[in-house]
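Visitor: Right, I'll just put the structure down here and ask away after.
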Amino acid sequence: MTAHPIAANDGGSPDRREEVLAAAAECFMRRGYEATSMDDVADMLGATKGRVYHHFRSKPELFFEVFRRAISILAREAGVHEAGPGTAAARLRRMARAHVLCMMETQTFQRNLTLGVDLYRFGETSAEHRATLEELMDLRRAYEDAFRRTFAAGKADGSLAAPDPSLAMRTLLGAINWVAVWYSPRHGETRAHREALADGIVDQVLQGYLA
């Protein structure tokens, strides 16, 4: 793997820990969970392996924190709109738009959510790691539930045509999660470009749900 060093930060430990997390997210995204080693993360940082181990004791611990960070970003940026003003359809649009922007702007972290689900379903893990994975899946389900509740609210207020809120939630998230796979930033792209793209995506995927 060709190293792509992330600039070192001479500040406090929290900044250095964030750099390790960012490097790990990119390594896991590029190589997958099984093929990534702590050496790979160190190479990405342009640092020694000891710097990685200073913050994380093992590869599973590092991966779990990447997954937890990805979910926390989504909950902060998208889930918060569930309690906003307007009809359920209006709230759902804001939630979906924020979700799509997260897929684009924190792509390396968000791609790891799928890896985490695969590890949970098919991976061979210790009892301790399995318990952590159960906790992480609960966080993921709690985030998804915000969309399910909003679809149910839209069915109740007449703004959304969603006979089965759970199925609608899974279909919608399946579509907009895929943005993290196909999206690639263009040269000179700005936040305004990403917002316009997010608007177009959301308009497309929500069209079939509007009452």
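Visitor: So if I take the centroid of the Cα atoms in segment 167-211 and the same for segment 12-89, what is the distance between those two points in Å?
Guide: 23
Visitor: Taking H as built 1.01 Å from N, whose amide H comes closer than 5 Å to the amide H of residue 37, not counting residues under 5 places away?
Guide: Amide H neighbours of residue 37, under 5 Å, 5+ apart: none.
Visitor: Another one. Would you mind working out the accessible area per residue for segment 28-98, using a 1.4 Å probe, and quoting it in Å²?
Guide: 43
Visitor: Can you give me the % of accessible surface on segment 106-211 that is carbon or sulfur? Probe 1.4 Å, all protein chains present, nothing else counted.
Guide: After summing per-atom areas, the C and S share lands at 54 percent.
Visitor: Taking amide H positions as placed in the peptide plane 1.01 Å from N, state which residues far from residue 160 in sequence (5 or more) or on other chains have amide H under 5 Å from it.
Guide: It is 155, 211, by chain and number.
Visitor: Sum -39500 (n - 2.57) across every DSSP H segment of at least 4 residues in the chain, then divide by the residue count to get the 222 nm mean residue ellipticity, nearest 500.
Guide: -23500 deg cm²/dmol
Visitor: Which ³J(HN,Hα) values, rounded to whole Hz and listed in residue order, are derived for segment 92-100 from phi using the Karplus coefficients 6.51, -1.76 and 1.60 in 6.51 cos²θ - 1.76 cosθ + 1.60 with θ = phi - 60°, glycine and proline given as x?
Guide: 4, 4, 5, 4, 5, 4, 5, 4, 4
Visitor: Among the chymotrypsin sites (Phe, Trp or Tyr not before Pro) within segment 57-94, which fall in a DSSP loop and have no more than 11 other Cβ atoms within 10 Å of their own Cβ?
Guide: Passing sites in segment 57-94 do not exist.
Visitor: Return the Rg/Rh ratio of the chain with Cα-based radii and a Kirkwood Rh.
Guide: Rounded to two decimals, Rg/Rh equals 1.01.
Visitor: Right, next: Whole-Hz Karplus ³J(HN,Hα) for segment 152-162, in order, using 6.51 cos²θ - 1.76 cosθ + 1.60 and θ = phi - 60°, x for Gly and Pro?
Guide: My calculation for segment 152-162 gives 5, 5, x, 5, 6, 8, x, 8, 10, 9, 9 Hz in order.
Visitor: Suppose we flag trypsin sites (Lys or Arg not before Pro) only when DSSP calls them loop and at most 11 other Cβ atoms lie within 10 Å. Which is the longest uninterrupted stretch of the chain?
Guide: The longest such stretch corresponds to 58-185.
Visitor: Please list 190, 150 from largest to smallest accessible area, probe radius 1.4 Å, with all protein chains kept in place.
Guide: 190, 150
Visitor: Ordered by residue, what ³J(HN,Hα) values in Hz, to whole numbers, does segment 36-50 give under the Karplus form 6.51 cos²θ - 1.76 cosθ + 1.60, where θ = phi - 60° and Gly and Pro are x?
Guide: Once rounded to whole Hz, the list reads 8, 10, 5, 5, 4, 5, 4, 4, 4, 6, x, 9, 7, 5, x.
Visitor: Test of the criteria: in segment 106-177, which GluC sites (Glu not before Pro) are in a DSSP loop and have at most 10 other Cβ atoms within 10 angstrom of their Cβ?
Guide: 124
The values are calculated or read from the model by the stated rules, or taken from the named source; none is laboratory data. In this text, all values refer to a predicted model and were calculated from it rather than measured experimentally. Every residue, glycine as well, gets a Cβ built from its backbone with ideal geometry; the counts of neighbours run over all protein chains shown. Note: areas computed on protein heavy atoms with side chains; ligands, DNA, RNA excluded. Shrake-Rupley method; radii C 1.70, N 1.55, O 1.52, S 1.80 Å.
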